[in-house]
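These notes are about the structure you will find just below.
The values are calculated or read from the model by the stated rules, or taken from the named source; none is laboratory data. Because the structure is a prediction, the values reported are computed rather than measured. Because the Cβ atoms are built from the backbone with ideal geometry, glycine has one as well, and the counts that use them run over all protein chains shown. Ligands, DNA and RNA are stripped out before the accessible areas are found, and what is left, the full protein with its side chains, is counted by its heavy atoms. Shrake-Rupley method; radii C 1.70, N 1.55, O 1.52, S 1.80 Å.
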Amino acid sequence: MRAMAVGFALTVLFAGLLASDRVVADSPSRVDILNAEDLAPLDGGNWVLASSMLGGAQTQGGIYVIDVRSGKAQAVYPNHEIVQSATTDCPAPVAAAAFAPHGIALFKSAKGETLLYVVNHGGRESVEMFAVEQQHDAPTLSWRGCIVVPAGGFGNAVAVVHDAIANDDIVYMTNMGKPLDGSAPVSPLGGNVLAWTAAKGWRDVPGSEIAAPNGLLVAGDGRVLYVASWTQGEVVRLTLKPAGVTRDVLKISLLPDNLRWSSDGSIFATGHHATVAAVTDCFMTKGRCEKTIPSAMTKIDAKTFAVRCAVDIDQSMATTTVNVGDELWIGTARGETVLRKPGSALTCN
């Protein structure tokens with residue numbers, strides 16, 4: 001779950017924990033993997049990448065790939081590949097024992113490569129970049145470098161889009177830390193939205209101040225952002241214009257964590273029917289959290305910016321919902337499985 005930090009001390013929680021390849025496929029209705037906080041289906045529908053978040057019962061952070069047909073999963077990062085980046089501020093991957101993944105996003109580059117961007121808190125605050133390669137039976141990850149986040153920033157979700165006007169890729173990231181301009185954050189959990197380009201580096205997105213900014217989506221042209229305000233129970237639409245930013249706010253019936261596009265172009269908002277204190281307490285528990293954090297998912301019409309329907313789900317502290325074929329897959333920041341539900345589990349009239 002993305003928005004449970006107390007102040008900015010989460011980086012301490014992530015440091016020094018070990019990475020491993022423990023994953024077991026269990027049944028058609030679930031995939032056993034600890035803290036699968038974020039999910040990203042690959043093109044073709046045969047594989048899903050999962051970000052296994054550190055904390056709670058999980059002492060091993062990593063990226064996993066799940067075979068949709070069999071339900072089997074395996075760790076694909078950290079791996080034993082020897083690589084070196086050309087950038088001076090990011091000369092090599094973080095140590096495997098320190099890797100602490102959070103939000104993830106897939107992006108198709110201008111060269112046709114499939115790239116995976118991963119928010120990382122271990123060893124450095126950064127967005128790590130990987131090429132997704134399918135040279136073997138299962139996809140593999142090849143580390144390509146990182147984008148170091150300036151001091152005071154604390155990433156959560158990431159989204160990437162190509163700016164055709166500037167002919168540059170823009171990396172957007174929700175920031176649960178301090179704005180880069182030195183101003184005070186609008187809440188104890190941040191924050192705002194940051195943007196990075198190769199030409200200009202990091203900057204605050206003007207007018208993007210949002211309490212506890214969590215999930216993030218970007219429209220195809222990069223000029224519209226959808227941001228989950230976790231503590232406020234809102235989804236905020238930011239329309240970026242030369243003259244300024246237009247904000248639209250949609251109140252929903254849960255504390256929204258991740259936002260994901262559905263197969264019909266709507267937005268899945270997944271989150272919690274609980275108090276901020278209750279979710280924070282469970283998230284910060286060392287070892288297994290024995291409490292159940294009631295969860296739900298909401299479907300939002302992206303054009304009208306209105307709720308289409310909502311339903312409770314039997315996944316404690318649910319964070320992410322994605323379409324995988326005819327199924328809905330639901331992740332969690334504090335749990336042992338990815339749920340696999342029929343698509344009819346969230347049918348709107």
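Some observations on this one:
- The relative contact order of region 222-349 comes to 18 percent, based on Cα pairs under 8 Å that sit 6 or more residues apart.
- This model, with +1 at the C-beta of Lys and Arg and -1 at the C-beta of Asp and Glu, gives region 123-177 a dipole about its Cα centre of some 180 debye.
- When the charge dipole of the chain is built from unit charges on Cβ atoms (+1 for Lys and Arg, -1 for Asp and Glu) and taken about the Cα centre, the candidate among L106, T304, H162 whose Cα reaches farthest toward its positive end is T304.
- Where GluC sites (Glu not before Pro) fall in DSSP loop in region 258-344, at most 11 other Cβ within 10 Å: E290
- Net +/- balance of residues flanking S262 in space, Cβ distance below 15 Å, scoring K and R +1, D and E -1: +1
- Pairs exceeding 22 Å between alpha-carbon atoms, taken from K200/K241; K72/K341; K72/K299: K72/K299.
- Measure of compaction for the chain (Cα Rg per 2.2 N^0.38 Å): 0.90
- The trypsin sites (Lys or Arg not before Pro) of region 119-228 that DSSP puts in a loop, and whose beta carbon has at most 12 other beta carbons within 10 Å, are K200.
- Förster-model FRET efficiency, 45 Å R0, D248 and K111, C-beta, rounded to 0.05: 0.80
- Mean-square fluctuations from a GNM of the chain, with a 10 angstrom spring cutoff on Cα atoms, peak among G220, G233, G123 at G220.
- The spread of Cα positions in region 191-349, taken along each principal axis and listed from longest to shortest, comes to 48, 39, 29 Å.
- Across all directions, the shadow cast by the convex hull of region 126-186 built on its C-alpha atoms averages 5.9 square nanometres.
- Ordering of 58-69, 295-306 by burial proxy (mean other Cβ atoms within 10 Å per residue, highest first): 58-69, 295-306
- Positive dipole terminus of the chain, leading residue within P179, T285, V149 (C-beta point charges): P179
- Average projection, convex hull of the Cα set of region 82-220: 9.3 square nanometres.
- Spherically averaged projected area in nm², based on the convex hull that wraps the Cα atoms of region 246-315: 5.8
- Split the accessible area of region 195-349 by element, probe 1.4 Å, and carbon with sulfur accounts for 52%.
- Among the GluC sites (Glu not before Pro) found in region 107-191, those both in a DSSP coil and sparsely packed, with 16 or fewer other Cβ atoms within 10 Å of their Cβ, are E113.
- Backbone HN-Hα couplings from phi across region 54-59 [Karplus 6.51/-1.76/1.60, Hz, Gly and Pro as x]: 6, x, x, 7, 8, 10
- The slack in the chain from H162 to K303, taken as 0.36 nm per residue of separation less the alpha-carbon distance, amounts to 48.6 nm.
- Note on A184 and A199: the extension gain reaches 2.7 nm, defined as 0.36 nm multiplied by sequence separation minus the Cα-Cα distance.
- Normalising the average separation of contacting C-alpha pairs (under 8 angstrom, six or more residues apart) by the number of residues puts the relative contact order of the chain at 16 percent.
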